[in-house]
Amino acid sequence: MIALIDYGAGNLRSVHKALVHVGANVQLVTRPAELSAAAAVVLPGVGAFDDCLNALQRQELFSACREFIRTGRPFLGICVGYQALFERSEEFNSKAPGLGVFQGRVVRFSGTGGLKVPQIGWNQLEILQPDCPLFRGISDGSFVYFVHSYYPLPSDPAIVAARTDYGEAFASAAWHGNVFATQFHPEKSQAVGLRLLRNFVDHVGSGPTD
Amino acid sequence: MLAKRVIPCLDVHDRQVTRGVKFGLAEKGQLRNVGDPVALALEYNRQGADEMVFYDITASAHGRGTMVEVIEQVASQCFMPLTVGGGIRTVEDMNTMLHAGADKVSINSSALATPELIHAGAEKFGSQCIVVSIDAKRVAPDRWEVFSHGGRKPTGLEAVAWAERAVSLGAGEIVLNSIDADGTKAGYDLEITRHISERVGVPVVASGGAGKLEHLAEVLERGKADAVLAASIFHFGEFTVGDVKQFLAQRGIPVRLL
């Protein structure tokens, strides 16, 4: 079973529908105890960094997510669920600490050169780690759907799995061990996004059962 | 590179996609039915549409109920961004549509009547969810006025100023529809599109007037739009989304090709 963390994220239902579509056995999870039986966790998100982290704290899922990742089981963060893995955000008035699984902070697009912020639309992946299980069958240069004003700046360049250019080249996907994360929305990226989610589900199924 | 988006627009009335030839004719029965919204959405999904917009042009209580069903069905089969507009007057209405599977809600007359609705929606769901749609008509050589209620009621507001205000209140995207160009198939209003796009920091979607492939290219190039919305050229089979994108790509405009 893949646990989909339900903390009120706006894209929860879209992610749920897409995971079901690719054949996953998904369960919405609101409490830490429900994570123990999960083979993998998906953390969705859209909107503000603090809203996400504060909700996780309220539902006692903050420590539970960190603990789950420590067990080595697969974890996928999407959009704000990706940003949440870092230490902190420079979003206006942000106070909430991030999960701190990855070192680094979340910063805003500068908007230089007349680029619109938020970035809304389809942009391309420059795949830096083609052996990342998420990218099986996905070609370099594929378009995926983004909606965001902020993005993470990882301290460790080795975790950057894909890069995307929007005025500045940013880390559009990260991968370390069994932790995967995307700034884009696979659940809204048509065939490419569904393939990526199917790759994650296949990876969960192929891994050692705990 | 961020691609320019091509967005089919589906006007839904009584669970049918319809198309009037000119603003404000829906209630006079001058509509052409062009098909089932879910079937059309699946077809545009297959053709590689970048997003889809659904407008509830009845916007009665019954109409909204059928729209919720349409969005639920589309969202479980089309994994792309979906926007819903028409008759959304409260944060609760927004919530209903987002819950059904929409990613964004588009507000027009209700934002004009209650600008605070933009802010309330952005605060609750994030700016990326809130699209403000503007119907503008040229009233002087260099002045475009905003009209409400499907282009019927003048508001006295100047279009660029209203777009800037909407963005300052939290709108994450502007859809600009030219009342003069809509239904003419003579091309988008490039001037007002460019004025607004140059003044606001959020994406601008051009709407109204598409008849030829050239029109879509010129509003992206000279009108500086970030996306193009069109209805008739797709509904009546003149062009597929793929045809449009091939044409734009040949012009050197960045698009997502399948």
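The values are calculated or read from the model by the stated rules, or taken from the named source; none is laboratory data. Predicted, not measured: the structure shown is a model, and the values here were computed from it. A quick note on method: Cβ atoms are made from the backbone with ideal geometry, for glycine too, and the neighbour counts reach across all protein chains shown. Keep in mind that these areas ignore ligands, DNA and RNA; they rest on the heavy atoms of the full protein, side chains included. Shrake-Rupley method; radii C 1.70, N 1.55, O 1.52, S 1.80 Å.
Is the shape of chain A best called rounded, prolate or oblate, per the rule: a/c under 1.5 gives rounded, else a/b larger than b/c gives prolate, else oblate, with a ≥ b ≥ c the square roots of the Cα gyration tensor eigenvalues? Because a/c hits 1.5 or more and a/b fails to exceed b/c, chain A counts as oblate. Ranking B:G121, A:A96, B:I192 by Cα position along the charge dipole of the protein assembly as shown, where only Lys, Arg, Asp and Glu carry charges on their C-beta atoms, puts B:I192 farthest toward the positive end.
Over 27 Å apart at the Cα level, from the set B:K224/B:K245; B:K104/B:K153; A:K17/B:K104; A:K17/B:K224; B:K124/B:K185, are A:K17/B:K224; B:K124/B:K185. Based on alpha-carbon centroids, what's the gap between segment A:16-48 and segment B:127-197 in Å, whole number please? Result: 41 Å between the Cα centres. Across chain B, Cα pairs under 8 Å and at least six residues apart give a relative contact order of 18 percent. With unit charges on the beta carbons (Lys and Arg positive, Asp and Glu negative) and the dipole taken about the Cα centre of the protein assembly as shown, which residue among B:G242, B:L258, A:N11 sits farthest to the positive side? So the residue we want is B:G242. Taking every alpha-carbon pair under 8 Å whose residues sit at least 6 apart, chain A reaches a relative contact order of 20 percent.
Assuming charge only on the beta carbon of Lys and Arg (+1) and of Asp and Glu (-1), the dipole of segment A:162-210 about its Cα centre is about 140 debye to the nearest 20.
Shown are B:K124, A:K17, A:K188, B:K153, whose ranking by accessible area with a 1.4 Å probe and every protein chain present, most to least, is B:K124, B:K153, A:K17, A:K188.
With chain A treated as a Gaussian network of Cα nodes joined by springs under 10 Å, which of A:I120, A:I69, A:I78 yields the largest mean-square fluctuation? Of A:I120, A:I69, A:I78, the most mobile in the Gaussian network model is A:I120. Each Lys and Arg adds +1 at its Cβ and each Asp and Glu adds -1 at its Cβ; summed about the Cα centre, segment B:163-258 shows a dipole of about 200 debye. In a reduced charge model with +1 at each Lys and Arg Cβ and -1 at each Asp and Glu Cβ, chain B shows a dipole moment near 360 debye about its Cα centre.
Among the trypsin sites (Lys or Arg not before Pro) within segment B:223-258, those in coil by DSSP and having at most 15 neighbouring Cβ atoms inside 10 Å are B:R251. The residues of segment A:145-210 present an accessible area of 35 Å² per residue when probed at 1.4 Å with all protein chains retained. Inter-part distance, segment A:90-120 to segment A:135-209, computed on C-alpha centroids, equals 17 Å. Chain B and chain A together bury an accessible surface of about 2400 square angstrom, both sides counted, with a 1.4 Å probe and no ligands or nucleic acids included.
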